[in-house]
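Note sheet for the following structure.
The values are calculated or read from the model by the stated rules, or taken from the named source; none is laboratory data. Bear in mind the structure is a predicted one, so any value in this text is a computation, not a measurement. A quick note on method: Cβ atoms are made from the backbone with ideal geometry, for glycine too, and the neighbour counts reach across all protein chains shown. SASA here: full protein model, heavy atoms, side chains in, ligands and nucleic acids out. Shrake-Rupley method; radii C 1.70, N 1.55, O 1.52, S 1.80 Å.
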Amino acid sequence: MPPRRLHADKLAYFFIAFACYLLIRAIATATATPPVNVLLYVSIASSLLASNVPRVIDIPLHYAYPVRCIEIFTFGVSVVCFITLCLRHVWL
């Protein structure tokens, strides 16, 4: 039976790959979609990267707090963008 850590690493690698996909999608559609969509994709991707990269790569301890702050800030930005998109969809 494989260790649990191996499954957690696989899940973290999946989220890192999904974050890269979102970044590529945001860059590719930057001129065709509204800026709030691009900001949503970028903020979700950066939040996913900030939360999952330290799980698979050992980072120095003095970088742990700034990475956590980036994760929380970008998650908040993505929530605000999502609410904005929902309100825009309801009103239009």
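Scanning the range 24-33 for residues that are surrounded by 16 or more Cβ atoms within 10 Å (Cβ to Cβ) and not aliphatic (A, V, I, L, M) yields one hit, 25. On inspection, residue 56 does not qualify as closer than 29 Å to residue 86 by Cβ and of a type in the set (A, V, I, L, M, F, W, C). Within the range 34-47, restricting attention to residues that are open to solvent by less than 40 Å² (accessible area, probe 1.4 Å) and under 19 Å from residue 88 (Cα atoms), the residue that is nearest to the chain's Cα centre (by Cα) is 43. Out of all the residues in the range 30-47, is one or more β-branched (Val, Ile, Thr), part of a helix (DSSP H, G or I) and more than 19 Å from residue 16 (Cβ to Cβ)? There is at least one residue in the range 30-47 that is β-branched (Val, Ile, Thr), part of a helix (DSSP H, G or I) and more than 19 Å from residue 16 (Cβ to Cβ). Scanning the range 36-86 for residues that are under 19 Å from residue 11 (Cβ atoms) and of a type in the set (A, V, I, L, M, F, W, C) returns 44, 45, 48, 49, 50, 53, 56, 57, 59, 67, 75. Only residues that are open to solvent by less than 90 Å² (accessible area, probe 1.4 Å) and modelled with pLDDT of 90 or more were counted in the range 1-23, giving 9.
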